[in-house]
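None of the figures in this text is laboratory data; all of them are computed from the coordinates on show. None of these values were measured; they are calculated from a predicted model. As a convention, Cβ positions derive from the backbone with ideal geometry for all residues, glycine included, and neighbour counts pool all protein chains shown.
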Amino acid sequence: MQSSRPNSSSGSLLQGMGPPLGSYAEYEAWMDIQAGAICRGEWDGWPCQSGFGMLRDAVVASGADQGALWLVDDWKHELRPCFSSAAHSDRFLQEIRQPLTSGLISMVFFTENAICEAHVASRSEYCSDIDSRLGARTQAMVAIPIFFAQRCRGIFSAVIFSSGSSLNPKEAFLPADFDILSQASSLWSAQMDSQLSGLAIQTGAKLRS
């Protein structure tokens, strides 16, 4: 179904992809195509940005040094950040990519199981490539799968850097911090599903059971 890269229509439905008509299976296929385009960055400013403030608030409330929302690009086999609370977020969003073949967040994506790790470097899945590019060293990490349009589409992560590269005295995430980040990720996922479903209705979707 996705053998060729469709054109994008800035902030609207993909060109040539009309509203879903017919069965729920056809509707779900339509949702999958739209969600895939969002994850690859083929939508301009919609709908991801509407929930970024909520994610940023959760990162601050958890005491993390930095948070990011990663969406999967199935064609390039990588996780692409579409939100970052980093001081230099523009550079982070433009330059940083996580191959699906390595790293803790890739592991979380494939297993669909969240982690709250106090000593990241002790994990065999830890990959230092991103830390090296950012000039930091991750001490602790929370990584939570993001689900919308019927499947896992990415990861919401928050990290605490080691004391050598951060003024943050915090060394690990508490259960309450994990709960804050989990709730934010669930709300963002629900918002995405709601907006995609609303778009289908607005464009005249007609479903039959």
Can you tell me the alpha carbon radius of gyration of the stretch 49-188 divided by the globular rule-of-thumb value 2.2 N^0.38 Å? 0.95
Contact order relative to length of the stretch 49-188, as percent, for alpha carbon pairs under 8 angstrom and 6 or more apart: 28
Per DSSP, the loop-located GluC sites (Glu not before Pro) within the stretch 47-142 having at most 16 other beta carbons within 10 Å are Glu112, Glu125
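Lys and Arg at +1, Asp and Glu at -1: add these up for the other residues within a Cβ distance under 14 Å of His88 and post the number. Display every interim value, and only then the final one.
Numbers: positive: Arg91, Arg133; negative: Asp65, Asp90, Glu95.
Its environment carries a net charge of -1.
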Among Asp57, Asp65, what is the fewest-to-most ranking by other Cβ atoms within 10 Å? Asp57, Asp65
Given labels modelled 7 Å from the Cα in the Cβ direction, how far is it in nm from Ser194 to Gln94? 3.4
Can you figure out the FRET efficiency of Trp75 with Glu171, using R₀ = 35 Å and their beta-carbon distance, to the nearest 0.05? 0.35
